[in-house]
Amino acid sequence: MKNVVLVLDFGGQYKELIARLVRSLNVFAEILPGNTPIEKIKEIDPVGIILTGGPKSVYAPDAPTCDKRIFDLGYPILGICYGMQLMNYTLGGKVGKGKAGEYGQITTRITATSKLFNGFGSPPSSTQTLMSHGDSVLEIPPGFKQTAETDNCIAAIENPEARLYGVQFHPEAAISIAGERIFKNFLFDICGTTESYKLKDYIDEQIAIIRQTVGDQKVLLALSGGLDSSVCAALLAKAVPEQLTCIFVDHGLMRLNEGDEIEAAFCNHDLHFIRVNAEDRFLSKLKGIIDPEQKRKIIGEEFIRVFEEEARKLGKIPFLAQGTIYPDIVESGGAYGATIKSHHNVGGLPENLDFDRLIEPLSMLFKNEVRELGRRLKLPLAMIHRQPFPGPGLAVRVIGEITKEKLDTLRIADSIFREEVEKLEPKPNQYFAVLTDSLSVGVKGDARTFDPVVALRAVITDDFMTAQAARIPYETLEKVASRITNVIPTVSRVVYDITGKPPATVEWL
């Protein structure tokens, strides 16, 4: 693909936001580890490079770094937070503890004319930016100049002749006012690229790739009924309609009545649809398992084993398709990025797959892009806007050991909460219940109870990379708590989770 912007990752929590924002400007962005070999970078021949933030100090012995020769390749480079400090330190500047750390929205003063700040007014001018750093640039390298500052730090530097730019703040975060303007300036004024990334082209390219890969052979699709796998099914159906079999594995970890709803939605389509009821099998494998990572890996492997068995019944099917998307891969770990959680379709895949090859046509897309792809493929709006649901299902919403009794309890609590939230306008982007392993004393019918606590979670987000807790009306929460404790004998207490992402994740496990 031409006109690629490389996002080199040094463990920054906002790396996905950077790539997503670049793509929203119709330029393709790909995230690679910060220590990607220079030979690979030259082979990709990007139009520009962005260095992400990261949690380390650049002068620490174990600090993530890059090949310093990338600064001599002539590619425009934008360093963000740690990325700016790394560029500064590598090229001879000094980085250390500044006057004070800065966290949150900070006033940044633009002190010199710069292509990066076109549209911000003649300097001196100011803007609000998200800062999150303890270290600061103390001295800049030869050939660089300072272009912005705060009360406590050098906020931007550049060497325009070498096309090297750095900002201490995070323009990719929505809290940075006019951050998108900075990316436009970097992409179009500094890199000189054009708007060449279109999802319509992506569809055509993937159809061609799928046809070339599959030939006249068959494909087995792991269909969960969620947005990602449904869009994957629609794309495969356009590419190889007569060669596609969709298998829905009901692992007993679905929401209330969801298995039947998925079957009703897909069985009448022009798809070879098979439902496999495997609740006993999955619960047996999960018996006694408490660690969430282990749960995900067990579920991932068992999914594959079921698909393999079903494929053998159908004759040799060499290709397994999945609705894996880009955040699944990124969150499952990278060179410098911690494993946030192993997604069952990435970190949970066994090594000895009984398929010749995986087909993952959505693996380079973010959730918002998958939704747009669904619209272009003319999927029903109800499916496009379906509540997100993790592949491991309620296994990641039951804290501790999973049992059928716990799942049945959670299904009812979750159904009540979703039913009441559905009445709200606007609705949160995701909302669900969690059965915790915390026990709480209560009183029912004048008798003491000691039962699990149900937690409710609802978030507002447009990318699922960051999220804010939704401000559900108190009256709604009160009604939900009353209904849950009245309907479910083993629940006497309901709480609401008000934590954002970060520091939490959207799911509890």
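Computed from the coordinates by the stated procedures, all read-outs in this text should not be read as laboratory data. The model shown is predicted, which means the values in this text are computed figures rather than measured ones. Every residue, glycine among them, receives a Cβ derived from its backbone with ideal geometry; neighbour counts consider all protein chains shown.
Key figures for this structure:
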{"read-out": "Estimated D of the stretch 4-190 in µm² per second, where Rh is the Kirkwood radius over Cα pairs and Stokes-Einstein applies at 37 °C, 0.692 mPa s", "value": "205"}
{"read-out": "Under the Karplus curve 6.51 cos²θ - 1.76 cosθ + 1.60, θ = phi - 60°, whole-Hz ³J(HN,Hα) for the stretch 410-426, x wherever Gly or Pro sits", "value": "5, 4, 5, 4, 5, 5, 4, 4, 5, 4, 6, 5, 4, 7, 8, 9, x"}
{"read-out": "Net charge contributed by nearby residues that have their C-beta within less than 14 Å of GLY98 (K/R +1, D/E -1)", "value": "-2"}
{"read-out": "Per-residue Cβ neighbour rank within 10 angstrom, fewest leading, HIS385, HIS170, HIS133", "value": "HIS385, HIS133, HIS170"}
{"read-out": "Residue pairs, from the table LYS200/LYS238; LYS115/LYS145; LYS94/LYS145; LYS238/LYS316; LYS198/LYS367, whose Cα atoms sit over 18 Å apart", "value": "LYS238/LYS316"}
{"read-out": "Helix 292-313 vs. the chain, principal-axis angle (Cα, 0 to 90°, nearest 10)", "value": "60"}
{"read-out": "Cα-based helix-to-principal-axis angle, 367-376 vs the chain, degrees rounded to 10", "value": "70"}
{"read-out": "Proxy reagent accessibility, fewest Cβ within 10 Å first, across ARG281, ARG457", "value": "ARG281, ARG457"}
{"read-out": "Ranked list, fewest to most other Cβ atoms within 10 Å of each Cβ, for GLU475, GLU425, GLU149, GLU102", "value": "GLU425, GLU475, GLU149, GLU102"}
{"read-out": "Size of electric dipole in the chain: Cβ of Lys, Arg +1 and of Asp, Glu -1, about Cα centre, debye, nearest 20", "value": "500"}
{"read-out": "Per-residue HN-Hα couplings for the stretch 24-40 [Karplus 6.51, -1.76, 1.60; θ = phi - 60°; Hz; x = Gly/Pro]", "value": "5, 8, 6, 10, 6, 10, 10, 8, 10, x, x, 9, 3, x, 4, 5, 5"}
{"read-out": "Net +/- balance of residues flanking VAL231 in space, Cβ distance below 13 Å, scoring K and R +1, D and E -1", "value": "+3"}
{"read-out": "Relative contact order (percent, whole number), the chain, Cα cutoff 8 Å, 6+ residue spacing", "value": "11"}
{"read-out": "Other-chain or far-sequence residues with amide H under 5 Å of ARG493's (modelled H)", "value": "VAL454"}
{"read-out": "Prolate/oblate/rounded label for the stretch 397-496 (Cα gyration tensor, a/c 1.5)", "value": "prolate"}
{"read-out": "Overall form of the chain per C-alpha gyration tensor (a/c, 1.5; a/b vs b/c)", "value": "oblate"}
{"read-out": "Amide hydrogen neighbours beyond the local backbone of ILE402, cut-off 5 Å, H modeled", "value": "GLY288, ILE289"}
{"read-out": "Interchain or long-range residues, amide H under 5 Å from GLY442's placed H", "value": "THR449, PHE450, ASP451"}
{"read-out": "Alpha carbon convex hull of the stretch 95-209, volume per residue in cubic angstrom", "value": "140"}
{"read-out": "Ratio of the Cα radius of gyration of the stretch 147-187 to 2.2 N^0.38 Å, where N counts its residues", "value": "1.20"}
{"read-out": "Global geometry of the stretch 48-111, whether rounded, prolate or oblate, following the gyration tensor of its Cα atoms and the 1.5 cut on a/c", "value": "oblate"}
{"read-out": "Per-residue ³J(HN,Hα) for the stretch 219-229, Karplus 6.51 cos²θ - 1.76 cosθ + 1.60, θ = phi - 60°, Hz, x for Gly and Pro", "value": "10, 10, 9, 7, 9, 8, x, x, 4, 4, 6"}
